[in-house]
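What follows is a short report on a single structure.
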Amino acid sequence: MIKRAMLCGLLLVASLGAYAQAKETRHEIALQMYTLRNVGDADAQFAMAGKAGFKNVELVGTHGVDAPALQKILKKNQLNVVAAHVQLSALEQDFATTVAFNKAVGNTHIVVPWIEAADRPTTQQGWVDYAKRLDAMGAKLRNEGITLAFHNHDFEMKKYGTDSVLDIIMKNTQRDNLVLELDVAWVSRGGQDPAQFITRYAGRIYAIHAKDNSGIGVRDDEMNFSPMGEGILEWNSILNAARKSGVQWFIVEHDSPKDPWAIITTSRKNLDALLKQHPPH
């Protein structure tokens, strides 16, 4: 009888541990809503995110609705906002409105997601000057209780001497003013090792975009991106580095999905399984 009680107790502890681990991974996985931009209106997009099992989302601007409407949509689908993509020019031109919207929907991280080709600096000093714009905006947002982050593509892997553009940005901004949302698929496409970047900027990487590269000739009609965990990236080294570096969020994204539902559900399942193999340190 005693042995049976002990066995039941051990099974209970194990099940509680498994539950805690599952809960933990759910609370560090998010979905970048750009992935669902072609699904329908904002209501349909966020409904799909919730139905797919996501509890956290990363916004793209305002999704064409005002803050009260988005609050209602988020509440209906039991979704939490972990970040929002907003262009630097929009922040500079309409700071107060942008801050007010993000505060209203409970967001504390704004990410600069993209630089149009015509606006990209072409010299090392040009990138230093751009970094100073980010640093100034980061300080301004910090006074509002919001953290600024920067999201990369492959063009930030271009080097000036020994430093890539991303290195220049990180070296010319203060830790308190700018963190990084590292898109590991684009880092790899730029010829660099994502795990090395994560390790290099340990403590300054808020999130990674968890998406995968397929390679040329595979998924050509989807920009050669695949669901997370089903491509060619080496996720063990990436997640090991992420855990050691204090990455807080793992955000599923796909730039051009033919079947958004299949992409996000497969990616979430694979990401959840991989994170359980790489628990927080």
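Could you say which residue among 255, 272 is of a type outside the set (A, V, I, L, M, F, W, C), in a loop (DSSP other than H, G, I, E, B) and at pLDDT 95 or above?
On the way: 272 fails: in a loop (DSSP other than H, G, I, E, B).
Testing whether each residue is of a type outside the set (A, V, I, L, M, F, W, C), in a loop (DSSP other than H, G, I, E, B) and at pLDDT 95 or above leaves just 255.
Would you point out which residue out of 189, 175, 204, 120 is over 30 Å from residue 73 (Cα atoms), touching a strand residue (DSSP E or B) at 6+ places or on another chain (Cβ under 6 Å) and at pLDDT 95 or above? Give the derivation first.
Working: 189 fails: touching a strand residue (DSSP E or B) at 6+ places or on another chain (Cβ under 6 Å); 175 fails: touching a strand residue (DSSP E or B) at 6+ places or on another chain (Cβ under 6 Å); 120 fails: touching a strand residue (DSSP E or B) at 6+ places or on another chain (Cβ under 6 Å).
It is 204.
Restricting attention to segment 100-127, which residues are in contact with a helix residue (DSSP H, G or I) (Cβ under 7 Å, 6 or more places away or on another chain), of a type outside the set (Gly, Ala, Ser) and within 14 Å of residue 146 (Cβ to Cβ)? It would help to see each step written out before you state the result.
The first filter runs over segment 100-127 and keeps only residues in contact with a helix residue (DSSP H, G or I) (Cβ under 7 Å, 6 or more places away or on another chain), leaving 101, 104-105, 110, 112, 120-121, 124, 127.
The next check asks that each one be of a type outside the set (Gly, Ala, Ser); those that pass are 101, 105, 110, 112, 120-121, 124, 127.
Matches in segment 100-127: 101, 105, 110, 112.
Condition first: under 18 Å from residue 190 (Cβ atoms), basic (Lys, Arg) and open to solvent by 50 Å² or more (accessible area, probe 1.4 Å). Can you find one or more residues in segment 116-129 that meet it?
Yes, the conditions are met somewhere in segment 116-129.
Would segment 265-272 turn up any residue that is surrounded by 22 or more Cβ atoms within 10 Å (Cβ to Cβ) and free of Cβ contacts under 8 Å to residues at least 24 places away in the same chain?
Taking segment 265-272 first, the residues surrounded by 22 or more Cβ atoms within 10 Å (Cβ to Cβ) are 267-268, 271.
Then keep just the ones that are free of Cβ contacts under 8 Å to residues at least 24 places away in the same chain; that gives none.
No, the conditions are met nowhere in segment 265-272.
The rows are residues; the columns are (1) surrounded by 18 or more Cβ atoms within 10 Å (Cβ to Cβ); (2) in contact with a Ser or Thr (Cβ under 9 Å, 6 or more places away or on another chain).
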{"residue": "178", "(1), (2)": "yes, yes"}
{"residue": "182", "(1), (2)": "yes, no"}
{"residue": "188", "(1), (2)": "yes, no"}
{"residue": "191", "(1), (2)": "no, no"}
{"residue": "198", "(1), (2)": "yes, yes"}
{"residue": "206", "(1), (2)": "yes, yes"}
{"residue": "217", "(1), (2)": "no, no"}
{"residue": "231", "(1), (2)": "yes, yes"}
{"residue": "262", "(1), (2)": "no, no"}
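For the condition aromatic (Phe, Trp, Tyr) and surrounded by fewer than 21 Cβ atoms within 10 Å (Cβ to Cβ), what is the one hit in 46, 150, 54, 101?
On the way: 46 fails: surrounded by fewer than 21 Cβ atoms within 10 Å (Cβ to Cβ); 150 fails: surrounded by fewer than 21 Cβ atoms within 10 Å (Cβ to Cβ); 54 fails: surrounded by fewer than 21 Cβ atoms within 10 Å (Cβ to Cβ).
Result of the check over 46, 150, 54, 101: 101.
Being free of Cβ contacts under 8 Å to residues at least 60 places away in the same chain, in contact with a Gly (Cβ under 7 Å, 6 or more places away or on another chain) and either under 21 Å from residue 208 (Cα atoms) or not small (Gly, Ala, Ser) (or both) is true for just one of 124, 78, 93. Which residue is that? Steps first, please.
Numbers: 124 fails: in contact with a Gly (Cβ under 7 Å, 6 or more places away or on another chain); 93 fails: in contact with a Gly (Cβ under 7 Å, 6 or more places away or on another chain).
Checking each option against the conditions leaves just 78.
Pairs only if they're at least six apart or on different chains, beta carbon under 8 angstrom, first in segment 159-171 and open to solvent by 10 Å² or more (accessible area, probe 1.4 Å), second of a type in the set (Phe, Trp, Tyr); list them, first residue then second.
160/127
The values are calculated or read from the model by the stated rules, or taken from the named source; none is laboratory data. Not measured: the values here are computed from a predicted model. So basically every Cβ, Gly included, is an ideal-geometry build from the backbone, and we count neighbours across all protein chains shown. All accessible areas refer to the heavy atoms of the entire protein, side chains included, with ligands and DNA or RNA removed. Shrake-Rupley method; radii C 1.70, N 1.55, O 1.52, S 1.80 Å.
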